[in-house]
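The values are calculated or read from the model by the stated rules, or taken from the named source; none is laboratory data. Note that the coordinates shown come from a computational prediction; the quantities given were computed from them, not determined experimentally. So basically every Cβ, Gly included, is an ideal-geometry build from the backbone, and we count neighbours across all protein chains shown. What goes into the accessible areas is simple: the full protein's heavy atoms, side chains included, and nothing from ligands, DNA or RNA. Shrake-Rupley method; radii C 1.70, N 1.55, O 1.52, S 1.80 Å.
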Amino acid sequence: MEAVRPTVLAAGFAARHWYRLTPVSVLLFPLSLVFRLLVLLRRLLFRLGVLSSVRLQVPVIVVGNLTVGGTGKTPLVLALVEALRRKGLRPGILSRGYGGTSVEPRAVGAGDDVVGVGDEPLLLAERSGCPVWIGVDRATAARSLLAANADCDVILCDDGLQHYRLQRDFEIAVEDERGFGNGLLLPAGPLREPASRRVDATVVNAAESRPGTFRMRLTPAGLYRVGERPAAVTQSELSGKKLHAIAGIGNPERFFAGLSRLGLAFSAHPFPDHHVFRAADLEFTDCDFVLMTEKDAVKCRHFGRRDLISVRVEAELDPALAELIVERIHGRAPA
C-alpha cells in the first residue's frame, strides 16, 4: 500500500476518471472507502506502537505525494540537498529504488546499472554528489547509509510519505497543477491518503501556489546528448530540425509544456511512469533528434545514439522552506 503507482492501463484510466467525476469513479467510490479505512487503520497501528517504527540518530526529512503520479519530487530533493549544504549540513538521500531489481539495502553510485537501482535513485546519485542508498525496508537502508557515511547528519527520504516504519522530523507533500483530482482515494481517485492528511510543508509545483504553501518553479538548465559522457548541446543546434519528444514520467504533459515554452516544435510521445525503454520505442520516421527527461535518459544511454537529447531542469525554491526545515530539525520536534 506504500508505493502505489499507475501501470500502463492505470495511467490511461487515471486520465479519464481520476481527475474528474465520472460514472466509473462514482461506481468505485465504495472501494475507495474501504481503502481509506485501511489507510487510517495502518496509520493508527503505527501511532499506537502495534506496528514498530525506527528513530534514527539524525533528522529525517520526507518528501512525498498524497496522490499517485509524479509531481516533481526528484528536482525538489536535489534543490533541498543544495539548500541544506548551504546551511552547513551534510545530507544523504534514501529511496525505495522503485523500478530496480535490488531488494536489499545498497549504495547507488554514478554509472550503476539502472536495471538494478531504478531510474530516480541513479539520477539522484549522479546529480546530487551525496550518498544515495536504496532498499525496500527504508529504515534498514537508512542505518546502512549512516554506517557507511559517518559525516552524514541529515537524511532526505525520497517518496517516503507513506513509509511509516521510518520516523521523520519534517514532512513535505508535493503537489502540481492537477491538485487532488476528483478528491477521491484509490481506486476511484488519485489519492493515496485523505487530502486532510497534515504535513509540515506543502510545495506546489505550478504557476501559482495557495496561501500557506511554498511554490516550486522548474526551470531549464541545459540540453545534453544522452550517453555515458553527456555533452552540452545548444538550442540553436535543434533549430529547423524534426524533433520528437518522449516522457515516461508521472505527468508527461508538464514536460511537453516546458518544451513548448522553450519555443521548440515537436511530436509528443507520452509513456507510462518508469517505462523501461527499448531501442524500438525511439524509432520515429522523419526524425533528427529525440528529446527526453533526465530520468528517461539514464535508461537510454546504452543505445549508443547521438540523436538523443536530455533536457535538464532545476527547481527554484522559496528560501523560507530551507529556513523552516533547519529551524524544525534543530529542535528535533517530530512530525
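Points worth noting:
- Residue within segment 319-334 that is open to solvent by 20 Å² or more (accessible area, probe 1.4 Å), in contact (Cβ under 8 Å) with a residue 24 or more places away in the chain, in contact with a helix residue (DSSP H, G or I) (Cβ under 9 Å, 6 or more places away or on another chain) and not in a helix (DSSP H, G or I) present: no
- The C-beta contact set for segment 105-119 (first residue closer than 14 Å to Gly129 by Cβ, second residue among the aromatic types (Phe, Trp, Tyr) and surrounded by 22 or more Cβ atoms within 10 Å (Cβ to Cβ), distance under 9 angstrom, 6+ apart or interchain) comprises Ala107/Trp133; Val108/Trp133.
- Taken together, the residues in segment 106-127 that are farther than 21 Å from Gly248 by Cβ and open to solvent by less than 40 Å² (accessible area, probe 1.4 Å) amount to 1.
- Residue selected from segment 210-224 under the condition in contact with a Ser or Thr (Cβ under 9 Å, 6 or more places away or on another chain) and open to solvent by 50 Å² or more (accessible area, probe 1.4 Å), by the criterion nearest to Gly109 (Cα to Cα): Tyr224
- For the residues Pro252, Pro270, the requirement of being open to solvent by 40 Å² or more (accessible area, probe 1.4 Å) and closer than 25 Å to Gly118 by Cα singles out Pro270.
- Beta carbons closer than 9 Å, at least 6 apart along the sequence or on distinct chains, pair a first residue in segment 172-184 that is touching a residue at least 12 places away in the same chain (Cβ under 8 Å) with a second that is surrounded by 20 or more Cβ atoms within 10 Å (Cβ to Cβ) and of a type in the set (D, E, K, R) for Ile172/Lys73; Val174/Lys73; Asp176/Arg254; Glu177/Arg254.
- Meets criteria (open to solvent by 40 Å² or more (accessible area, probe 1.4 Å) and not charged (D, E, K, R)) for Gly97: no
- Residue within segment 33-54 that is assigned to a loop (DSSP other than H, G, I, E, B), touching a residue at least 60 places away in the same chain (Cβ under 8 Å), crowded, with 17+ Cβ neighbours inside 10 Å and not aromatic (Phe, Trp, Tyr) present: no
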